[in-house]
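Report on the following structure.
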Amino acid sequence: MFYKLFIKPFERCDADLDYTINSKEMEKCIKSKYLNSTRLSKEDIPEIINSLDRNDKTNLTFIDYIFLRRVNLAWRECTTDFQLSVAKLDCALEVTVPGRRVDLP
């Protein structure tokens, strides 16, 4: 089940099969059913990779991809109008990183 839900979609994004997703591969990936609820565009890709890439290699690893999926889930579950208020941000943070409570103003 894990393979079907997480690894297989990652592999579909990873066209060159190097176990990372580069900016060109991300163009296809953001259109997948797992990442399309945030209305990401091609112009957002450099910022996404820069924000998520923990290794400074301009590619996303499987762990980065999983985190991006969690962010996408949080966005889908916590917003209705694609606007993020403090209350909605609190919800999104709880979905993205459960158990790591952040006190927001």
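Every number here is computed from the coordinates shown, using simple stated rules; none is lab data. Here the structure is a predicted model, which means the values were calculated and not measured. We place every Cβ from the backbone using ideal geometry, glycine too, and count neighbours over all the protein chains shown.
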Quick one: divide the alpha-carbon radius of gyration of the chain by 2.2 N^0.38 Å and tell me what you get. 1.09
With an 8 Å Cα cut-off and a minimum separation of 6 or more residues, compute the relative contact order for the stretch 8-54 in percent. 27
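Among the listed pairs K8/K88; K4/K57; K31/K88; K8/K33, give every one whose C-alpha distance is greater than 22 Å.
Numbers: K8/K88 30 Å; K4/K57 27 Å; K31/K88 24 Å; K8/K33 13 Å.
Too far apart for the 22 Å limit: K8/K88; K4/K57; K31/K88.
Say R0 is 22 Å: what FRET efficiency, to the nearest 0.05, do K28 and E77 get from their beta-carbon distance?
Working: r = 24 Å, r/R0 = 1.11.
Taking R0 as 22 Å, the efficiency between K28 and E77 is 0.35.
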Protection-proxy order for peptides 91-97, 64-70, each taking the mean of Cβ atoms within 10 Å per residue, highest first: 64-70, 91-97
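Let me have the relative contact order for the stretch 1-85, percent, based on Cα pairs under 8 Å that are six or more residues apart.
28
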